[in-house]
Amino acid sequence: MTKPVIVARGLTKHYGQLTAVKGIGFAIQPGECFGFLGPNGAGKTSTMRMIYGFSPVSAGELFVLGWDVQRDIRQIKHHLGVIPQEDNLDPDLKVLQNLLVYARYFDIPKNIARERAREALELLQLWERREAFIRELSGGMKRRLIFARALVNRPQMIIADEPTTGLDPQARHLVWQKLRQLQARGVTLVLTTHYMEEAAQLCDRLAIMDHGVILERGAPQALISKHVRPEVFELYLSNGAEEQLDRKLRGLPVQVEHLGDALYLYTQNGRLLRDELEGVTGIQRLVQRQATLEDVFLKLTGRALGES
Ligand SMILES: Nc1ncnc2c1ncn2[C@@H]1O[C@H](COP(=O)(O)OP(=O)(O)O)[C@@H](O)[C@H]1O
Ligand SMILES: [Mg+2]
């Protein structure tokens, strides 16, 4: 194992009486894409803000690129590209100006800043809009501009808090593609998301967070294999049909979860279960699909990722 680029031990965040992050530990390796997946309120943003030095650590230890965030945040910031969850662009500046002003914080000489700003704006398909005012941009464009801004200091690591929330599918795929390109160049990615598809697509490893703790961690596919069987049947039953189904399933290697009025059956062998279900009356709707991280979350918490 190489030396991790982020190490947290007992990391804690209090806001008055509320403890948003409850003593979590993790280690992120150089060059990997590490994701924090969890519903709203899980503590993802609080964790990211401590990593990029926006919000003080309440307790525990946190080292980024070998430095202690509680002592050496200036050095750390130099090497980080941050995509915060909220829009913090300067509304009084135009698109290109936003990046140039940002570059000053890093003491990047003007001519180099211009070059890098151009490169970043081209990468995120915003160069044409360089003279637009921030207020003229759509939400998706602002999000992409924040991403472009995070590249101006050529960061070793990108901290992206919900990088694609609010984007349309096309823009989301653009962002995914750019994040992958950066990773291919050796940049470490740390991201948060409540989209299980995003987590599955981008992340080498994940920490699943809920209510301020890490419930599970691992590679997306490994988490799915560990917690649920690979094929899922989503059933909606009419009243009274569940008893009949229970009898049918008795003795079969099927894992059952309830979510609202849906019943999820997990199995190793979809064909076998499908045959068994043939004879059950009262199935109003049936969807057969592959298991996802959403199923892992349901297994761990009894809730859907979208609920808080
Ligand atoms: N600045 C703050 N002051 C008080 N409570 C906060 C603040 N920021 C977040 N919280 C609370 O901390 C918990 C975790 O929030 P957050 O870290 O934003 O989670 P997530 O990013 O996973 O949605 C929530 O209950 C939220 O309301
Ligand atoms: Mg958040």
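Derivation of every value follows stated rules applied to the coordinates shown; laboratory data play no part. The structure displayed is predicted, hence computed values, not measured ones. Ideal geometry is used to build each Cβ from the backbone, glycine not excepted, and the neighbour counts take in all protein chains shown.
Computed over neighbours whose Cβ is under 12 Å from that of Val254, the net charge equals 0, Lys and Arg +1, Asp and Glu -1.
Hey, what did the chain get for relative contact order, percent, Cα under 8 Å, at least 6 apart? List each step's numbers first, then the result.
On the way: 587 pairs, mean separation 62.3, N = 308.
It rounds to 20 percent for the chain.
Local charge sum around Val228 (other residues, Cβ-Cβ under 14 Å, Lys/Arg +1, Asp/Glu -1)? Result for the neighbourhood of Val228: -2. Which of rounded, prolate or oblate describes the range 255-297 when judged by the alpha-carbon gyration tensor and an a/c cut-off of 1.5? In terms of gyration-tensor shape, oblate. Computed about the Cα centre, the dipole magnitude for the chain is approximately 1120 debye when only Lys and Arg (+1) and Asp and Glu (-1) carry charge, each at its Cβ.
Exposure proxy ranking for Arg130, Arg285, Arg104, based on other Cβ atoms within 10 angstrom of each Cβ and starting from the fewest, stands as Arg285, Arg104, Arg130.
Using C-alpha pairs under 8 Å with a sequence gap of at least 6, the mean separation divided by the residue count of the range 82-210 gives a relative contact order of 29 percent.
Think of the chain as having a plus end and a minus end, set by charges on the Cβ of Lys, Arg, Asp and Glu; of Gln17, Thr292, Val256, Gln17 sits farthest toward the positive end of this dipole. In terms of distances greater than 25 angstrom between alpha carbons, the cross-link table entries Lys13/Lys178; Lys44/Lys110; Lys77/Lys178; Lys22/Lys299 yield Lys13/Lys178; Lys44/Lys110.
Counted by neighbouring Cβ atoms within 10 Å, the residues Arg149, Arg129, Arg9 run from fewest to most as Arg9, Arg129, Arg149. Taking GluC sites (Glu not before Pro) across the range 79-164, the ones in a DSSP loop with at most 10 further Cβ atoms lying within 10 angstrom of their Cβ are Glu86, Glu131.
Per residue, the average separation of C-alpha pairs within less than 8 Å and at least 6 apart gives the range 153-201 a relative contact order of 54 percent.
When only alpha carbons of the range 229-290 are considered, Rg and Dmax amount to 10.4, 28 Å.
Run the paramagnetic zone check for Ile112: 7 angstrom along Cα to Cβ, then residues of the range 129-155 with backbone nitrogen under 19 Å. Those under the cut-off are 149-155.
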